[in-house]
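Let me begin by presenting the structure, written as structure tokens, before commenting on it.
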Amino acid sequence: MKPKLCIDIGANKGAYSEILLKATDSYVIAFEPLPEAYAIARKLEDLYPGRFIAENFGIGKEDGVLDLHYGEGDSELASFSSEVNEIAYVKASNTSVMKVPVIKLDSYLERISKDFKFIDLLKIDTEGFEYEVLLGAQRIIAELKPKFIHIEYNWHQLFRMQSLRSLGKLIPEYKVYQLLPYGDGLALRNIDLPESNIYHYSNFVFVRPDIPLS
């Protein structure tokens, strides 16, 4: 099954977007608030004309301006959450702060077009800000029902007093699978079990229940 419309939130330099562009014929919208990382990701617009657009702002629960904590200009650890700076390796990196615009995904899609009928893949990798992204995308998720929602999960949720279960409660109709390492596929998880909420680096895919995985 090949996705057609994909949204990459927390795109950094565009590596995830580029995988989608190379492997599929998808149209990809990417969001990256760090200017230097965004400038690198934006080069994909020339490589894949008509199939890719990069936006230089963040996605959150409401429209406004937030402090972005970061280190290097293309850092993969940049976050809108000050709490995650309590993680030792994040604190060592995120030594600078800049103010950047943030909007809801609902607002963005309303602004650029009222004619979207579907989203195949919604990827969220925002270093502890995933919950806020989902809060600001509730209307779009309800109306367009993305087939797949891919979320990175790590220590960040522990320091923000969140869990896989709290993320899952924002998209309750979806089945939850853990993306296993070493290409071992997907494993179905029950978010109500403690062993599914371990704060260790993992990727989870929330799958619309009518989508076959075989």
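In table form, for the structure just shown:
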quantity	calculated
Under-5 Å amide H pairs with ARG189, H placed in peptide plane, nonlocal only	VAL176, TYR177, GLN178
Directionally averaged shadow of the stretch 123-191, computed from the convex hull of its alpha-carbon atoms, nm²	4.8
Amide hydrogen neighbours beyond the local backbone of LEU5, cut-off 5 Å, H modeled	TYR27, ASP120, LEU121
Pairwise Cα inverse-distance average, inverted: Kirkwood Rh of the chain (Å)	17.5
For the stretch 15-92: relative contact order, % (alpha-carbon pairs under 8 angstrom, 6 or more apart)	25
CD proxy at 222 nm, helix term only [per DSSP H run n ≥ 4: -39500 (n - 2.57); per residue of the chain; nearest 500]	-6500 deg cm²/dmol
Top positive-direction residue, dipole computed over the chain with Cβ charges, set SER96, GLY64, GLY168	GLY168
Farthest toward positive dipole pole in the stretch 114-214 [+1 Lys/Arg, -1 Asp/Glu at C-beta], among TYR182, ILE124, PHE148	PHE148
Length gained when the stretch GLU173-ILE198 is fully extended (0.36 nm per residue, less Cα-Cα span)	6.8 nm
Projected label distance in nm at SER166 and LEU186, using a 7 Å step from Cα toward the beta-carbon	2.6
Placed amide H near THR126: partners under 5 Å, 5+ positions off or other chain	GLU152
Under Karplus coefficients 6.51, -1.76 and 1.60, residue-wise ³J(HN,Hα) of the stretch 31-39 in Hz, glycine/proline x	10, 8, x, 6, x, 5, 5, 4, 4
Cα-Cα over 28 Å, subset of LYS104/LYS169; LYS99/LYS145; LYS91/LYS147; LYS99/LYS175	LYS99/LYS145; LYS91/LYS147; LYS99/LYS175
Solvent-accessible area per residue for the chain (1.4 angstrom probe, square angstrom)	50
Simple Cβ-charge dipole of the stretch 7-110, Lys/Arg +1 and Asp/Glu -1, about Cα centre, in debye nearest 20	140
Gain in span if fully extended, ASP25 to ASP63, counting 0.36 nm per residue against the direct Cα distance	10.6 nm
Accessible carbon and sulfur surface of the chain relative to its total accessible area, %, 1.4 Å	55
Derived scalar couplings ³J(HN,Hα) [the stretch 42-48; Karplus, 6.51 cos²θ - 1.76 cosθ + 1.60; whole Hz; x for Gly, Pro]	4, 4, 5, 4, 6, 6, 10
Cα-centred dipole magnitude for the chain, charges only on beta-carbon of K, R (+1) and D, E (-1), debye, nearest 20	580
Simple spin-label estimate for ARG111 and ALA39 in nanometres, 7 Å along Cα-Cβ	2.2
Percent antiparallel among DSSP beta bridges (both partners in the stretch 53-164, rounded to 5)	55
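The values are calculated or read from the model by the stated rules, or taken from the named source; none is laboratory data. The structure displayed is predicted, hence computed values, not measured ones. Quick reminder, even Gly has a Cβ in these numbers, built from the backbone with ideal geometry, and neighbours come from all protein chains shown. The accessibility values were calculated without ligands, DNA or RNA, using every heavy atom of the protein model including side chains. Shrake-Rupley method; radii C 1.70, N 1.55, O 1.52, S 1.80 Å.
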